[in-house]
1. Note the angle between two axes, namely the Cα long axis of helix A:5-18 and the longest principal axis of the Cα atoms of chain A, as a number of degrees from 0 to 90, rounded to the nearest 10.
2. Can you tell me the length gained on complete extension of the stretch B:Ser93 to B:Lys70, counting 0.36 nm per residue apart and subtracting the Cα distance?
3. Select from A:Glu43, A:Glu83, A:Glu105 the residue whose mean-square fluctuation is largest in a Gaussian network model of chain A (Cα-Cα springs shorter than 10 Å).
4. Rounded to a whole number, what is D in µm²/s for segment A:68-218 from Stokes-Einstein with the Kirkwood radius over alpha-carbon pairs (20 °C, 1.002 mPa s)?
5. Would you kindly work out, in nm and rounded to one decimal, the distances from the label point of A:Ile139 to those of the same position in each other copy, ordered shortest first, with label points 7 Å along Cα-to-Cβ?
6. Full extension from A:Ser189 to A:Lys47: what is 0.36 nm times the residue separation minus their Cα-Cα distance, to one decimal in nm?
7. GNM on chain B, C-alpha springs below 10 Å: top fluctuator among B:Thr13, B:Thr42, B:Thr50?
8. To the nearest 100 Å², how much accessible surface do chains B and A cover up together, summed over both, with a 1.4 Å probe?
Number of protein chains: 2
Amino acid sequence: MIQTTSEENYLKTIFHHAGISNNAVSTNDIAASLGTKAASVTEMLKKLSTQKLIRYKKYNGVTLTDSGTKQALLIVRKHRLWEYFLVEKLKFSWDEIHEVAEQLEHIQSEVLVERLDSFLEHPRFDPHGDPIPDKKGVIKKSDSQKLIDVTEKKEAIVNLVTDQPELLRYLSKIGISIGSKLKVMEKNSFDQSMLLLINGKNKVQISSSIANNISVQL
Amino acid sequence: MIQTTSEENYLKTIFHHAGISNNAVSTNDIAASLGTKAASVTEMLKKLSTQKLIRYKKYNGVTLTDSGTKQALLIVRKHRLWEYFLVEKLKFSWDEIHEVAEQLEHIQSEVLVERLDSFLEHPRFDPHGDPIPDKKGVIKKSDSQKLIDVTEKKEAIVNLVTDQPELLRYLSKIGISIGSKLKVMEKNSFDQSMLLLINGKNKVQISSSIANNISVQL
DNA sequence: ATATAAATTTAGGCAAACCTAAAAAATAAT
DNA sequence: ATTATTTTTTAGGTTTGCCTAAATTTATAT
């Protein structure tokens, strides 16, 4: 039942790529995310498949089984709890935590996770605003949507951003953080870029790929 | 400079066996502690030797270099800080913490260790009473305690003895004086007598009344 | 529809860290 | 001082997770 660090990283990556609807994920996408090569991914997929953590047919991409999803959610739970700990207790800033949380998430101890959760008083969202699955792997949904889907002239409050450090640094540089008020001034219809007014002050143009990685509440 | 988990475990084990005086440690002892075989140890010793972390001559045991000692102390620092965290913040009992601390000590992040240390308010001793090295690897000596209170397998340095001439004569006869290094090999639970290893050489059995009159520092 | 390109898998290798069995060196015992 | 025993090292394998290069399958384009 216990996974190696490498297996855990594969499960987590598949989970993140599959999204809520558990879409099939391609070998190449996994390789790109993990910084490995496609051949290595194929190898690992076979291994995870024999453990019934994924459904894998040659050339067809993979999906997580229920068991695999559960495992992935527990890793995500650990990652986000540790992130919360790092920011709330150890006073890390949110662009410093990713690398460390990547290591901490692999510590194997169920009791540790539950004690940590209690110590932190059962936080529901990590410092990026991402929901923390409970110990059964259940994620409570927030009624947020992607910034890219927000219609023109609407105002929204930033809810969560991905934990890619570069993106986080860029966003903080242009003045976007969790809680920022964004007003969509213009949406460029052919490249999906948008002009934002941030906290009623600064105007910034952002690309669709960035807008795609910011989640907001209206 | 960064060690693998395995290399770190070897360094830590050598450190613990060598004691404060950095005695040579045997291949077999390392293998026994780590649950590996002597052949595997030999292999790793070669590797650590080329990294100048240990001094290794075939068939001669190993000692840590200054660099190796420093690395070992930093691992010990991390281990003990995490143990303190687990007990003081997460309410683990002290017999639950070892396994988890064994994992946590390998997390690679200097800033994490220093922030954890601050968060815990710079504890000087872990829950077992062992001193926590500072960030430079310096161990502050604990206050002295009675030899009879030293736990099994611990090493201590003789600090002072009472001034009863008979006792002094007896002690000098069996090779114990101020500055002697004592390792508690066995504690007999019903008469409180103990078997000591003196300066890494001679084994001596002493009664509780003698152990009660020797003061040591860890 | 067939050629080209892209994605994926297979085949064969490599390094780390372990193993067993046999050889060599050091230590202990007669 | 030789022999016997223990310790350590060498030699040759194994597994995990990675790699490159070549083969295969699927997708794209003319």
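The values are calculated or read from the model by the stated rules, or taken from the named source; none is laboratory data. Everything quoted here is computed from the prediction, not taken from an experiment. We place every Cβ from the backbone using ideal geometry, glycine too, and count neighbours over all the protein chains shown. Surface accessibility is based on the protein's heavy atoms, side chains included, excluding ligands, DNA and RNA. Shrake-Rupley method; radii C 1.70, N 1.55, O 1.52, S 1.80 Å.
1. Rounded to the nearest ten degrees, it is 50.
2. Working: separation 23, 0.36 × 23 = 8.28 nm, distance 2.93 nm.
Between B:Ser93 and B:Lys70, full extension yields an extra 5.4 nm.
3. Looking only at A:Glu43, A:Glu83, A:Glu105, the biggest GNM fluctuation is shown by A:Glu43.
4. Working: Rh = 16.3 Å.
The calculation lands on 131 µm²/s.
5. 4.7
6. Details: separation 142, 0.36 × 142 = 51.12 nm, distance 4.43 nm.
Separation in residues times 0.36 nm, less the Cα-Cα distance, equals 46.7 nm.
7. B:Thr50
8. Working: alone 12620 and 12360 Å², together 23340 Å².
For chain B against chain A, roughly 1600 Å² becomes buried.
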